[in-house]
Amino acid sequence: MPTIHNLGFPRIGKKRELKFALEKYWQGHSSQPELEEVAAQLRRQHWAEQKHLDFVPAGDFSFYDQVLDSSFLLGNIPDQFKCVEDFNTSHSLDQYFTVARGRSFEDHDSGCRHQDLSAGEMTKWFDTNYHYIVPEFRTNTHFSLNPQRLLAQIEQAKKQNYRVKPVIIGPITYLWLGKSRDKSDRIELLESLLDVYSELLQLLSEQGIEWVQIDEPVLVTELSEQWRHALRTAYYRLQNIPVKILLTTYFGKLQENLRLACELPVDGLHINALDNEQEVAKVIDWLPSQKVLSLGIINGRNIWKSDLNHLLKWLKPVYERLQERLWLAPSCSLLHVPVDLNSEQKLDAEIKDWLSFAVQKLQELDVINQALTHGADKVKQELEENKRCIVSRQQSERIHKPQVKSRVASITDDMVNRKSPYTVRAEVQQKRFKLPVYPTTTIGSFPQTGDIRQVRRQYRNGQLAETDYLKIIQQEVKRSINEQEKLGLDVLVHGEAERNDMVEYFGELLDGFDFSQFGWVQSYGSRCVKPPILFGDISRSETMTVEWIKYAQSLTDKPMKGMLTGPVTILNWSFVRDDQSRAETCFQIALAIRDEVLDLEQAGISIIQIDEAALREGLPLRKSQWNDYLDWAIKAFRIAANGVQDETQIHTHMCYSEFNDIIEAIAGMDADVITIETSRSDMELLDVFDKFQYPNEIGPGVYDIHSPNIPSVAAMVELLQKASIRIPAQRLWVNPDCGLKTRQWDEVRPALSNMIEAARQLRTAFQV
């Protein structure tokens, strides 16, 4: 019979137990043993949900990030933290969280007392909305094995009588994900890194482990021959250790790396089988007869039910050929989907029938296994119910709206372009706004206090009348305006107190979306998001933000930014329908946002920010496919933004990711101002401007809002001076990296005060 297993389970808990335990610990309201007990209980619960599998994963649980876990496992800590006494040897949770979140000098009791420890650089995990802490390398990087936390998870699972499959990130993917801080070649570190992997695998063998899952998703990307050779070197080196290796790939197709993956000396290969039947057929032909083939047949990144009858029809001949060599699993870790659909009590019943969360995906896997092993009659009822749900979705009249499709078909070139080029617009806008050099602003949101969240919750639950709710939120908007005016910011925002999430808020006001109560997924650390469910054609029936921004503008003479989420970000941060192209769906959203932009302009709002924080993460994993994506993604932004007059200033914002290699496409958005993350990477992004002359205005973020550290004036002045080498001061803005909703007011006030003082000093120097 096939072996069924899982590549990883969501770690946050059905009710976000891990999030709340982490934040309680960080605030000093609980101890490390209490946090560890929450983690142990979550692992028990998660393994119980997977008890019907032949293997359960261990090592997929993390307090913050699995890549950071790998760095600690391998003893690879960024240099800036090595000034802390015993940092590399004790590996306490506090040290781990220091790398993840940074630490300000007030907390130091070490030789780093006179400098802040900035958090490790963070970026996106392949093409997902999950963020990881970037490994750092130098020529003299030394690796050392620290397996205690991984071994503890394995031991916990074994004590509960589970058959354990440890999960670790592979050596090549680990190197590939990282950055060299001294421009050295990361691959030159491979031999010393493999020493530690060999030691780890030998140790796992001695612990009685039969199979180890080693994740090498780098195999679904375009690799140079140097990286391909590194893969061969790594797995020929590791092949003689007496533990079986399941080499795991996901997120895409192997394509030109298919033969390489089949030939590597491992005991099994896992590949993504979704919409990939031709490649699966090749792997079956090419994979040596002694090797296991694991097929990822259940979508681990989206929430639609699998068509089990179609899967079964396709898998029957595969199973007949491979027999016990066939393993079945989700396509990737279930980290990227919510935990359990059974928690949802308020979802539209028809739409709920179409969905499958992590627990349900493993049940789907079990139905396929039972049907292959014992025949379809064994699970006849389950298969019939699945067919009913699939047909219901296909035939639902709620999904397709001819008028929306007709409007997309009517998009013209005039809708994509601004009336005048940037140089003309910039002159008109400067006369209108009369902003100083180095103008200051924020990205949009201000702290979402417990009181604000409680008010929104009470209003949603019918415990607070609408008039009372509106009055309270207006008071919070007024507070944000007053705080900004006291600080002396040049361009203000209303603070977004009425918004639960930058995507969910708009989804709730657009037709074609539905929403879960508990459909949370981890973005990074304790940060969880609840993606909207984009199930049908998208349209806007009424304005979404105009009244709030008009109210805010009435409270100040300073320019107020209207705040919108862009079409590409709404697309990429939703669970998106899979029955039409993503481009078609994105254009539908773009037209709805365009309507809102024009209504804001009509209401007198002269600066409008359209955030495209998720632009990059939609990029295909292979560069050869980038142009197609960027063509329609940039077009969608321009459709949304470019209907306005020259004097209306369009901003956009992008956060934690790598943008150097798509900077020309970003310039093609033709936003008047772009704000972008650069503080964690020490303005590394701006290196691209040595070769590329960015034509418009840019605000390189100088305040890392994902860390509790309060940046100093000197540090921000230094970052902006680095920026001014590449970008003329007349085109530089001063702003944080991202919105401030996750921070506290007692952090935000001094940080923004320092930011404004940095701008003041730079203006003085500029005038001299």
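The values are calculated or read from the model by the stated rules, or taken from the named source; none is laboratory data. Fair warning: this is a prediction, and the values are worked out from it, not measured in the lab. A quick note on method: Cβ atoms are made from the backbone with ideal geometry, for glycine too, and the neighbour counts reach across all protein chains shown. All accessible areas refer to the heavy atoms of the entire protein, side chains included, with ligands and DNA or RNA removed. Shrake-Rupley method; radii C 1.70, N 1.55, O 1.52, S 1.80 Å.
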> Among the residues of region 629-670, which ones are closer than 18 Å to residue 697 by Cβ, part of a loop (DSSP other than H, G, I, E, B) and of a type in the set (D, E, K, R)?
Replying inline: 646, 647, 670
> What single numbered condition from (1) farther than 27 Å from residue 435 by Cα; (2) open to solvent by less than 10 Å² (accessible area, probe 1.4 Å); (3) not hydroxyl-bearing (Ser, Thr, Tyr) fails to hold for residue 492?
Replying inline: (1)
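Would you check which residues across region 704-726 are open to solvent by less than 10 Å² (accessible area, probe 1.4 Å), of a type outside the set (Ser, Thr, Tyr) and either part of a helix (DSSP H, G or I) or out of contact with any Pro (no Cβ under 8 Å at 6 or more places or on another chain) (or both) and list them?
Selection gives 716, 720, 723.
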>> Looking at region 268-308 only, could you name the residues that are over 17 Å from residue 370 (Cβ atoms), open to solvent by 30 Å² or more (accessible area, probe 1.4 Å) and out of contact with any strand residue (DSSP E or B) (no Cβ under 8 Å at 6 or more places or on another chain)?
In response: 275, 277, 278, 281, 282, 285, 286, 288, 289, 290, 301
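Right, residue 23: open to solvent by 10 Å² or more (accessible area, probe 1.4 Å) and either touching a Leu at 6+ places or on another chain (Cβ under 9 Å) or assigned to a loop (DSSP other than H, G, I, E, B) (or both) or not? Even if it seems obvious, please write down each step before you answer.
Values: open to solvent by 10 Å² or more (accessible area, probe 1.4 Å): yes; either touching a Leu at 6+ places or on another chain (Cβ under 9 Å) or assigned to a loop (DSSP other than H, G, I, E, B) (or both): no.
No: the conditions fail for residue 23.
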>> I'd like the residue in region 64-85 that is assigned to a loop (DSSP other than H, G, I, E, B) and open to solvent by 40 Å² or more (accessible area, probe 1.4 Å) and, out of all such residues, is modelled with the lowest pLDDT.
In response: 85
>> Condition (residue is over 30 Å from residue 397 (Cα atoms), in contact with a helix residue (DSSP H, G or I) (Cβ under 7 Å, 6 or more places away or on another chain) and at pLDDT 95 or above) applied to region 505-517: is it met by at least one residue?
In response: no
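Given the criteria among the polar types (S, T, N, Q), open to solvent by less than 10 Å² (accessible area, probe 1.4 Å), touching a residue at least 24 places away in the same chain (Cβ under 8 Å) and part of a helix (DSSP H, G or I), does residue 484 qualify?
On the way: among the polar types (S, T, N, Q): yes; open to solvent by less than 10 Å² (accessible area, probe 1.4 Å): yes; touching a residue at least 24 places away in the same chain (Cβ under 8 Å): yes; part of a helix (DSSP H, G or I): yes.
For residue 484, the condition - among the polar types (S, T, N, Q), open to solvent by less than 10 Å² (accessible area, probe 1.4 Å), touching a residue at least 24 places away in the same chain (Cβ under 8 Å) and part of a helix (DSSP H, G or I) - is met.
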> Here is a list of conditions, (1) over 30 Å from residue 622 (Cα atoms); (2) modelled with pLDDT under 90; (3) in a helix (DSSP H, G or I), and residue 749 meets all of them except one; can you say which number that is?
Replying inline: (2)
>> Suppose we keep only residues that are of a type in the set (Asp, Glu) and more than 32 Å from the chain's Cα centre (by Cα) within region 463-480. Which one would you say is least open to solvent (accessible area, probe 1.4 Å)?
In response: 468
> In region 200-225, what residues are open to solvent by less than 10 Å² (accessible area, probe 1.4 Å) and of a type in the set (S, T, N, Q)?
Replying inline: 213, 221
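I'd like to check which helices (runs of 4 or more DSSP H) are fully inside region 309-418 and have at least 2 residues that are of a type in the set (D, E, K, R), farther than 30 Å from residue 18 by Cβ and open to solvent by 40 Å² or more (accessible area, probe 1.4 Å). Working first, answer last.
Details: elements: 349-352, 358-374, 380-395, 402-409.
The helices (runs of 4 or more DSSP H) meeting that bar are 380-395, 402-409.
Which members of region 1-11 meet the condition of being surrounded by 16 or more Cβ atoms within 10 Å (Cβ to Cβ) and either at pLDDT below 95 or more than 17 Å from residue 167 (Cβ to Cβ) (or both)?
Kept after step one, since they are surrounded by 16 or more Cβ atoms within 10 Å (Cβ to Cβ), are these residues of region 1-11: 2-11.
If the condition is that a residue be surrounded by 16 or more Cβ atoms within 10 Å (Cβ to Cβ) and either at pLDDT below 95 or more than 17 Å from residue 167 (Cβ to Cβ) (or both), then 2 is the only one that fits.
Where in region 501-557 are there strands (runs of 3 or more DSSP E), lying wholly inside it, with at least 2 residues that are more than 30 Å from residue 63 (Cβ to Cβ) and open to solvent by 10 Å² or more (accessible area, probe 1.4 Å)?
Answer list for region 501-557: 510-514, 533-540.
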> Which of the residues that make up region 309-348 are under 19 Å from residue 252 (Cβ atoms) and out of contact with any strand residue (DSSP E or B) (no Cβ under 7 Å at 6 or more places or on another chain)?
Replying inline: 333, 334
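Tell me yes or no: at least one residue of region 588-602 is part of a helix (DSSP H, G or I), out of contact with any Gly (no Cβ under 6 Å at 6 or more places or on another chain), in contact (Cβ under 8 Å) with a residue 24 or more places away in the chain and over 28 Å from residue 432 (Cα atoms).
Residues of region 588-602 that are part of a helix (DSSP H, G or I), as a first pass: 588-602.
Those still in the list that are out of contact with any Gly (no Cβ under 6 Å at 6 or more places or on another chain) too: 588-593, 595-597, 599, 601-602.
Add one more test, that the residue is in contact (Cβ under 8 Å) with a residue 24 or more places away in the chain, and what stays is 588-593, 595-597, 599, 601.
If we keep only those that are over 28 Å from residue 432 (Cα atoms) as well, we get 588-589.
For region 588-602, residues part of a helix (DSSP H, G or I), out of contact with any Gly (no Cβ under 6 Å at 6 or more places or on another chain), in contact (Cβ under 8 Å) with a residue 24 or more places away in the chain and over 28 Å from residue 432 (Cα atoms): present.
Residues in region 640-662 that are more than 20 Å from the chain's Cα centre (by Cα), of a type in the set (Val, Ile, Thr) and either modelled with pLDDT under 90 or farther than 11 Å from residue 610 by Cβ (or both): how many? Can you show your working first?
Initially, region 640-662 is screened for residues more than 20 Å from the chain's Cα centre (by Cα), giving 640-651.
When the remaining residues are screened for being of a type in the set (Val, Ile, Thr), the result is 644, 648, 650.
When the remaining residues are screened for being either modelled with pLDDT under 90 or farther than 11 Å from residue 610 by Cβ (or both), the result is 648.
Result for region 640-662: 1.
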